[in-house]
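Have a look at the structure below, then the notes.
The values are calculated or read from the model by the stated rules, or taken from the named source; none is laboratory data. Predicted model only: the values in this text are computed from it and were never measured. All Cβ positions, even for glycine, are placed from backbone atoms using ideal geometry, and neighbour counts span all protein chains on display. Heavy atoms of the whole protein, side chains included, go into the accessibility calculation; ligands, DNA and RNA do not. Shrake-Rupley method; radii C 1.70, N 1.55, O 1.52, S 1.80 Å.
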Amino acid sequence: MSIKTNRLTQEEYQENFSDIHPPFETSDAAILEANRCLFCYDAPCMKACPTSINVPKFIKQIATDNIKGSAHTILSSNIMGAGCSKVCPVEKLCEGNCVYNFMHEEPIHIAKLQRYSTEKAIANHWQLFERKPSTGKRVAIVGAGPAGLSCAHTLSREGIDVTIYEKESKGGGLMTYGIAAYKVTPEFCEDEVNYITAIGGIDIKYNQELGKDITLASLQQNYDAVYLAFGVGLARQLEIPGENLHGVVDAIKFIYELRTNAFSSIAVGSKVAVIGMGMTAIDAATQAKRLGASEVTLIYRRTQDEMSCTEKELNIAKLDGCAIIWLASPKEIIGKDGKVTQLVCDVMQLGEPDASGRRSPVVSGETITLDVDMIIKAAGQMPFSEMVNENKVANNKGKITIGASTETNIKGIFAGGDCVNGGKEVVDAVQAGKDGAKAIIKFILNA
């Protein structure tokens with residue numbers, strides 16, 4: 001794509017893409033915040049964490065300046081606790097359940113405290129876990145994202161040798177390739193992957209894609225068990241006229257390009273429309289604005305009450321100057337000389353709730369037209385249905401079906417993370433990896 005607005009200077013780029021949630025500047029500031037915690041018994045913040053991090057314990061350890069102990073408490077439950085402290089929607093998880101909310105006071109900055117101790121662990125290369133002697137058992141994992149890395153680390157701690165096959169040239173999955181640069185940098189993601197694998201017994205083979213470079217049959221033959229954790233990644237199409245015009249791009253590809261190339265090489269329009277209201281849509285919209293787009297408009301077919309992103313994420317887009325049009329659904333993309341020039345949207349009304357509980361939008365009969373030179377599609381991601389079906393793995397519309405033990409319909413093949421649930425938070429994938437490892441260990445021991 002050749003469309004561009006003005007080029008940012010290096011200084012402007014650093015300012016626009018600097019850490020949106022800066023860490024504590026001093027240890028005194030972290031200890032002061034830790035001492036605000038009430039250290040609740042049966043803490044609701046801990047219950048709200050998908051990985052069940054003992055939040056009161058790790059905060060108490062920070063309050064007593066036991067930083068290494070605090071990092072161990074966090075990473076014992078969530079080996080990607082450092083990354084999650086940057087990207088988790090904590091306002092609807094731990095911080096959203098802090099008792100201070102019920103007293104109409106500011107909740108404890110749990111994520112910031114979590115970041116404080118885990119970043120020190122990574123920076124200082126603290127090896128907080130001891131790997132048991134090798135059992136001679138071998139497990140293959142497909143995908144070096146949060147679910148795969150979590151599973152690998154848990155298995156390795158038990159003396160099981162793990163080989164991860166990753167289709168990209170770096171590990172981290174969504175953390176490395178699909179999240180805004182002002183939340184987490186590729187450099188940090190690489191450091192986190194290296195920290196996780198430093199325990200030993202984990203070998204990552206990059207540029208190895210299932211169905212292309214490796215086969216499920218060969219993994220079955222050469223390993224005691226296989227864990228599928230390849231996530232999702234196919235962008236949902238709009239299925240409207242003009243979708244193939246020059247200037248219409250997928251949000252996944254847009255963010256991927258920004259994460260893997262120099263910012264000065266990323267194409268961005270002057271008037272940009274972003275379709276969707278999830279986390280990916282917000283990331284695409286804010287980054288387009290920060291790259292120099294003069295106008296960015298988020299288009300969503302429902303209202304704010306039904307959006308899948310958090311209010312805090314929405315506020316980031318608003319503060320960046322992004323406009324929002326609620327109750328509008330793309331109907332047609334109009335172009336000239338093969339390039340997008342306008343987006344026509346149906347004005348929607350909300351009807352009865354759908355299967356997810358959100359009210360279904362219905363066409364009102366009216367339309368609106370926006371002048372645009374770039375459209376970013378962020379209407380959700382689809383599972384790798386073709387690859388799953390080719391390997392005869394039981395699934396529901398591409399999402400792998402697993403039992404209570406995380407095992408698929410094929411004996412010895414387990415699965416977890418986004419390829420099973422269709423796409424949730426990073427912290428959910430980490431927990432899925434732990435669950436998968438637990439099931440695999442039981443399977444191997446009983447084999």
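Brief remarks follow.
- Each residue in region 31-47 was checked for being touching a residue at least 24 places away in the same chain (Cβ under 8 Å) and either touching a Lys or Arg at 6+ places or on another chain (Cβ under 8 Å) or open to solvent by 60 Å² or more (accessible area, probe 1.4 Å) (or both), and 8 pass.
- Qualifying residue in region 53-76 (condition: under 21 Å from Ile179 (Cα atoms), in a helix (DSSP H, G or I), free of Cβ contacts under 8 Å to residues at least 40 places away in the same chain and of a type outside the set (A, V, I, L, M)): no
- Which numbered condition Asn244 fails, given (1) open to solvent by less than 70 Å² (accessible area, probe 1.4 Å); (2) more than 26 Å from Ala439 (Cα to Cα); (3) not acidic (Asp, Glu): (1)
Per-residue answers, yes or no, for (1) charged (D, E, K, R); (2) without any contact (Cβ under 8 Å) to a residue 24 or more places away in the chain; (3) open to solvent by 20 Å² or more (accessible area, probe 1.4 Å):
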position: Pro133; (1), (2), (3): no, no, yes
position: Pro146; (1), (2), (3): no, no, no
position: Ile160; (1), (2), (3): no, no, no
position: Glu168; (1), (2), (3): yes, no, yes
position: Ala180; (1), (2), (3): no, no, no
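- Selected residue [over 20 Å from the mean Cα position of the chain (by Cα), aromatic (Phe, Trp, Tyr) and modelled with pLDDT of 95 or more] from Tyr195, Tyr223, Tyr227: Tyr223
- Residue, farthest from Gln304 (Cα to Cα), within region 342-365, restricted to residues that are of a type in the set (Val, Ile, Thr) and open to solvent by 50 Å² or more (accessible area, probe 1.4 Å): Val363
- For beta carbons closer than 8 Å, sequence separation of 6+ or different chains, a first residue in region 204-222 that is open to solvent by less than 40 Å² (accessible area, probe 1.4 Å) and a second that is in a helix (DSSP H, G or I), the qualifying pairs are Ile204/Val193; Ile204/Thr197; Leu210/Leu216; Leu210/Met387.
- Test: residue in region 5-23 that is open to solvent by less than 40 Å² (accessible area, probe 1.4 Å), part of a loop (DSSP other than H, G, I, E, B), of a type in the set (S, T, N, Q) and at pLDDT below 95: yes
- Among residues of region 328-365 being part of a loop (DSSP other than H, G, I, E, B) and at positive phi, the one that is farthest from the chain's Cα centre (by Cα) is Asp337.
- If the condition is being part of a loop (DSSP other than H, G, I, E, B) and open to solvent by 20 Å² or more (accessible area, probe 1.4 Å), then region 416-430 contributes Gly422, Gly423, Lys424, Glu425.
- Screening Glu386 with (1) of a type outside the set (Ser, Thr, Tyr); (2) open to solvent by 50 Å² or more (accessible area, probe 1.4 Å); (3) part of a loop (DSSP other than H, G, I, E, B) gives one miss only, at (3).
Conditions (1) open to solvent by less than 50 Å² (accessible area, probe 1.4 Å); (2) more than 19 Å from Lys434 (Cα to Cα), marked per residue:
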| site | (1), (2) |
| --- | --- |
| Asn78 | yes, no |
| Ser85 | yes, no |
| Pro89 | yes, yes |
| Gly96 | yes, yes |
| Tyr100 | yes, yes |
| Met103 | no, yes |
| Tyr116 | yes, yes |
| Ile122 | yes, yes |
| Glu130 | no, no |
